[in-house]
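Rule-based calculations on the coordinates, nothing more; no lab input. Note that the structure is predicted; figures quoted are calculated from it, not measured. Quick reminder, even Gly has a Cβ in these numbers, built from the backbone with ideal geometry, and neighbours come from all protein chains shown.
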Amino acid sequence: MKFLIFLIFFLIPILHAQELQVKANLFETDEKKGVSVFNGDVNVIKGTDELNASEVTIYTNQEHKPTKFIAVGDVSFNIETENGAIYKGQAGKVIYLPLTKEYLFFTNVHLQQVDEKKEIIGEEVVLKTIEGKAYAKGAKSEPVIMIFDMPEKEEDKK
């Protein structure tokens with residue numbers, strides 16, 4: 001019962017008319033510190049965005065509104081930017097900053113823009129959903145890989 005009361009009054013504020021829904025096997029919070037930790041098959045849904053991970057930590061401000069999400073352990077995601085681009089992928093760690101609507105992906109990142117058939121593979125990728133921009137950085141031993149779908153013209157096939 002305490003968990004439901006917490007979710008209603010503490011963790012699920014209306015964010016621009018979108019509800020934040022978090023499902024997990026285990027949950028603990030420290031209201032004074034503004035930290036909530038969800039463990040085990042964590043599923044976070046806000047609007048059309050979805051994040052799945054082994055553990056998600058949500059930080060909130062004094063008004064109990066989320067300011068930062070940190071997801072670790074087999075993280076997978078589906079994200080839609082402000083301009084309607086759809087991304088899906090995996091990473092070892094994801095940080096989401098709701099105030100700037102930025103996603104920071106770390107460790108074995110594989111980010112695919114579904115509607116454009118583009119892929120980014122690297123160690124660090126930043127996706128700014130408001131601007132629709134992405135930045136990537138490779139590891140010391142491996143470069144960033146960008147894959148494009150290059151349709152051939154009918155004339156080039158002959």
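Points to keep in mind about this one:
- Cβ-Cβ FRET estimate between Ile130 and Asp30, R0 fixed at 25 Å, reported to 0.05: 0.25
- When you count the other C-beta atoms within 10 angstrom of each residue and take the mean per peptide, 25-32, 72-79, 83-90 line up highest first as 72-79, 83-90, 25-32.
- Between Asp74 and Glu19, the modelled labels are 2.7 nm apart [label points 7 Å from Cα along Cα→Cβ].
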